[in-house]
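K.L.:
Quick one: the structure is below, and I'll ask about it shortly.
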Amino acid sequence: AASLLQWFGVPANDTQSILYREFSALPLFKEIAAGVDDNNEILSSSMYNAPNPCDELTVINYLVPQTSDVSVSLHDIRGEQLQVIFSGAQEMGVHSVTARTAHLAAGTYFYKVRVGRWEQMKALSVVR
């Protein structure tokens with residue numbers, strides 16, 4: 001339950017229907033102080049990659065609400081950073097970066113986008 005809620009962001013009522021019972025979620029994952037109060041949901045929903053699943057590459061799209069330091073990185077299933085895709089200052093607006101995945105084994109990976117103090121991770125699948 002904690003993984004569904006805290007890692008994947010599945011709503012509590014959906015988690016209950018998946019698990020077929022009520023539950024108490026344990027605090028397994030450290031929350032990051034975002035500093036982006038009401039914009040956090042907008043920023044999260046603007047972040048996506050396509051194609052997903054991917055083979056050779058995928059394009060990661062995200063919103064920068066104001067000029068900020070930005071980093072985009074790729075992580076394995078354990079959360080270990082595999083590569084930095086982009087790091088630098090970016091102007092306000094929608095941005096995209098290309099992540100090359102041809103060298104990765106088939107499986108689930110995560111990309112992390114950090115914009116200023118805000119940080120979000122989402123899953124991507126590599127298929128062969």
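The values are calculated or read from the model by the stated rules, or taken from the named source; none is laboratory data. Remember, it's a predicted structure, so these values are computed and weren't measured experimentally. Glycine also receives a Cβ, built like all others from the backbone with ideal geometry; neighbour counts cover every protein chain displayed. Surface areas here come from the heavy atoms of the whole protein model, side chains and all, with no ligands, DNA or RNA. Shrake-Rupley method; radii C 1.70, N 1.55, O 1.52, S 1.80 Å.
K.L.:
Mind grabbing the accessible area of Val84 for me, 1.4 Å probe, Å², rounded to tens?
P.N.:
80
K.L.:
Pop a pseudo-label 7 angstrom from the Cα along the beta-carbon direction at both Ser68 and Asp55 and give the gap in nm to one decimal.
P.N.:
3.5
K.L.:
Calculate one ³J(HN,Hα) per residue across the stretch 73-79 by plugging θ = phi - 60° into the Karplus curve 6.51 cos²θ - 1.76 cosθ + 1.60, and present them in order as whole Hz with x for glycine and proline.
P.N.:
9, 10, 10, 7, 5, 8, x
K.L.:
Oh, and also: Mind ranking Ile85, Ile77 by accessible surface for me, highest first, 1.4 Å probe? Before the final figure, lay out each step's value.
P.N.:
Working: Ile85 35, Ile77 110 Å².
Sorted by accessible area, descending: Ile77, Ile85.
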